[in-house]
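The values are calculated or read from the model by the stated rules, or taken from the named source; none is laboratory data. All figures in this text were calculated on a predicted structure; none of them were measured in a lab. Cβ placement follows ideal geometry from the backbone for every residue including glycine, while neighbour counts extend to all protein chains displayed. We work out accessible area using only protein heavy atoms, side chains counted, and drop any ligands, DNA or RNA first. Shrake-Rupley method; radii C 1.70, N 1.55, O 1.52, S 1.80 Å.
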Amino acid sequence: MQHLVDTDDFSKEQIANIMHDAATFKKEMPSKLLEDKLLITLFFESSTRTRSSFEVAAKRLGASVVHLDPSKSSTNKGESLEDTFENLAAMEPDGVIIRHEFNNTPKKLANKNLTPILNAGAGNYAHPTQALLDYFTMLEHFGELKGKTIAIVGDIVSSRVASSGIRLFTRMGMNVVLVAPKPFMPDNDLPKYEKLSNIIDKVDIVMSLRAQLERHKAPIFEDYDEYAKEYCITKELFEDRDILLLHPGPVMRNIDISDEMLTDKRSKVLTQVKNGVYVRMAILKALLLDN
Ligand code: CP
């Protein structure tokens, strides 16, 4: 039984296969490879993209999906997360897709080895399917990513997208630089800049991140319009540079990225969402069929 807690659960060969399968699925929709499979989604935090993308991916492959809404589940009656999970696993699904506020929840449930766990986002620790779809989107554009430089810009310390992305991109031979004001900067060995303008001529990709206000114990900035003056991705900042622009969503318009840049052809924000379905199809195939 294989789980996806973070991308290092996949070997480089598996990642290459996932990239290949996603590209193949994008060219031509496959047959119902997972017709006899059933997945349960369990999202303890809000989601627009990840939950619907997993569901679309599963259904495109012929799988059935059952969604348990935690706000209407027996967790309200005091049932623990572990008991909720064990009861769902007793129904013999082919996998449980979970999003949770705690970093260690997917690992804790995976260790029970009752059914494959697919981490759809855990705390600020990991969001592996987002990292893989971001990698696919860059690969699709550049063909080869070894030696390419990505600047991750914004609230990096709160971001599970950044955490998983940093681990995946560096493992695959990319250079990662971090751009953030001090309160948003994590403590690690990567090159760090306070302003994107200081490094913009050396980057191939910019990944902008939202300020994760829901994870801040106390407000960090009073005024995000002031923050935006330095960190919002604008046409004035990019000029005519050939830089790919990514954002995992949801985008705070004109704080993370300007309206104008969101419609610029260098922005791949909706391409990421589109690719997310094909990448999640490939991930479901890898976990439920190829193992
Ligand atoms: N990128 C992402 O995780 O978006 P959602 O929170 O809408 O799923």
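Here are 201, 240: which of them is closer than 21 Å to residue 267 by Cβ, assigned to a loop (DSSP other than H, G, I, E, B), open to solvent by 60 Å² or more (accessible area, probe 1.4 Å) and at pLDDT 95 or above? Only one candidate qualifies: 240.
Across region 145-198, the number of residues qualifying as part of a strand (DSSP E or B) and either open to solvent by less than 60 Å² (accessible area, probe 1.4 Å) or free of Cβ contacts under 8 Å to residues at least 12 places away in the same chain (or both) comes to 9. Within region 35-44, identify whether any single residue is more than 21 Å from the chain's Cα centre (by Cα), among the aliphatic types (A, V, I, L, M) and assigned to a loop (DSSP other than H, G, I, E, B), and answer yes or no. The answer is no, given that none of the residues of region 35-44 is more than 21 Å from the chain's Cα centre (by Cα), among the aliphatic types (A, V, I, L, M) and assigned to a loop (DSSP other than H, G, I, E, B).
Residues are listed down the side, and each one gets a yes or a no for (1) at pLDDT 95 or above; (2) out of contact with any Lys or Arg (no Cβ under 6 Å at 6 or more places or on another chain); (3) not small (Gly, Ala, Ser):
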| position | (1), (2), (3) |
| --- | --- |
| 7 | yes, yes, yes |
| 17 | yes, yes, yes |
| 20 | yes, yes, yes |
| 58 | yes, yes, no |
| 63 | yes, no, no |
| 87 | yes, yes, yes |
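Among the residues of region 63-75, is there at least one that is free of Cβ contacts under 8 Å to residues at least 40 places away in the same chain and within 20 Å of residue 30 (Cβ to Cβ)? Yes. Out of 67, 20, 100, one residue alone is open to solvent by 10 Å² or more (accessible area, probe 1.4 Å) and either among the aliphatic types (A, V, I, L, M) or under 22 Å from residue 124 (Cα atoms) (or both). It is 100. Any residue in region 144-152 that is in the same structural domain as residue 49 (by TED's automatic domain parsing), within 16 Å of the ligand (Cβ to nearest atom), within 16 Å of residue 210 (Cβ to Cβ) and at pLDDT 95 or above? Within region 144-152, none of the residues are in the same structural domain as residue 49 (by TED's automatic domain parsing), within 16 Å of the ligand (Cβ to nearest atom), within 16 Å of residue 210 (Cβ to Cβ) and at pLDDT 95 or above. Of the residues 58, 90, the single one that is of a type in the set (A, V, I, L, M) and loosely packed, with under 15 Cβ neighbours inside 10 Å is 90.
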